[in-house]
1. May I ask you to sort A:VAL97, A:VAL48, B:VAL100 by Cβ crowding, counting other Cβ atoms within 10 Å and putting the fewest first?
2. Ignore the peptide's own chain and count Cβ atoms of other chains within 10 Å of each Cβ in A:92-99; give me the average, rounded.
3. Under a Cβ-Cβ cut-off of 15 Å, what is the net charge of the residues other than B:HIS148 that fall near it, where Lys and Arg count +1 and Asp and Glu count -1?
4. Quick check: the distance between the Cα centres of the stretch A:17-43 and the stretch B:168-207, to the nearest angstrom?
5. Hey, what angle do you get for helix A:53-70 against the long axis of chain A, alpha-carbon based, 0 to 90 degrees rounded to 10?
6. If we count other beta carbons within 10 Å of each Cβ, what is the order of B:ARG169, A:ARG10, fewest first?
7. What ranking of B:SER10, A:SER52 emerges when the number of other C-beta atoms within 10 Å of each C-beta is taken as an exposure proxy, fewest first?
8. With labels modelled as points extended 7 Å from the Cα through the Cβ direction, what inter-label distance (nm, one decimal) is found for B:SER10 paired with A:ALA49?
Amino acid sequence: MGHDTQVQARSKKQYEYDRHHNAVHMRKQVINFAIMIFLTFLAFAVVVADFSTYYIKPLILLLAGIQVVIQLYSYMHMDDKKASHIGVISTFVWFGVVIAFTVFLAFLTIIWW
Amino acid sequence: MEHTKFTPQSWPDKPEQATMEGKNKFVGIWIFICSDITLFASVFATYLSLKDKGPAGMEYSAAELFELPLAFVMTMLLLTSSLTSVYAMYHMKNYNFKGVQIWMSITVLLGLGFLALEIYEFYHYVHDGFGYTQSAFSSAFFTLVGTHGLHVVIGLVWILCLIFRNAGRGLNLYNAPKYYAASIFWHFIDVVWVFIFTVVYLMGVLG
């Protein structure tokens, strides 16, 4: 059945190693959260500070891009090479991004409103 | 497998992908998310091309309409709810069901806070005369932000169903992938919001 699996109890050493590894990983996630909060603050701050829009717009788009990559690869576990079908998933996601970019390009340049 | 009693030591290190069903759910939620990326691409592109466009003499523009403090609080709520669902998954890996339920509940509370602010914001706009049919700009804005809001509602209902349905069951390899898929979906909602606060609110205020 689909829910069946071979369950083998981990050795005590392996169990302790896994728990430690999980805790270390969780600490990294909290650091990633702090980075994302910082990037959000930065994005709002540069807009409030009222610099030239030619400078601000690319900067806040770049900050959003960095945040999204952090979300995808750390919170959504796309960095986990052992995850099931992760290669297929990465291919789908990045093709999705290419399609999204094409839609933007078409709507903002080729289609005339 | 549903009825197997686990101990923290016999609980697999990757419970969400220990079964074939779990592996399939993992790939399934991602393929759904990829199709959702293209959905949001189209509503984002529509919004950007119709921004500030409407009938002659239209008095509403993004620069006058949007308020940054509200968008900032909403962003913080959603970003924090992403972290709390990461905590839930951390406890899932350690076979701590109580931790999973508590952190998922906190995620739901933060999501509800976000949703309340969004409803307040929409009510405020409609009350001021900026309704869905007011202009091309208003239709595009409500469609984009509303589609995201709908995803939040679906995510909240989904997670609440999981919390209540599994409350008496405890953690097993049948429901672990379900929690995991819901958490991935919740992160995706946050990913979309990052673009909404940047493209709609921040760039809107810039004019």
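1. Values: A:VAL97 16, A:VAL48 13, B:VAL100 27.
Placing the least packed residue first, the sequence is A:VAL48, A:VAL97, B:VAL100.
2. Whole-number average of other-chain Cβ neighbours for A:92-99 is 5.
3. Numbers: positive: none; negative: B:ASP36, B:GLU118, B:GLU121, B:ASP190.
Summing Lys/Arg as +1 and Asp/Glu as -1 gives -4.
4. 16 Å
5. Roughly 10 degrees, rounded to the nearest 10.
6. On the way: B:ARG169 12, A:ARG10 18.
Going from least to most buried by this count: B:ARG169, A:ARG10.
7. With the sparsest Cβ surroundings first, the list reads A:SER52, B:SER10.
8. 5.8 nm
Bear in mind these aren't lab numbers, they're just calculated from the coordinates by the rules spelled out. In this text, all values refer to a predicted model and were calculated from it rather than measured experimentally. Every residue, glycine among them, receives a Cβ derived from its backbone with ideal geometry; neighbour counts consider all protein chains shown.
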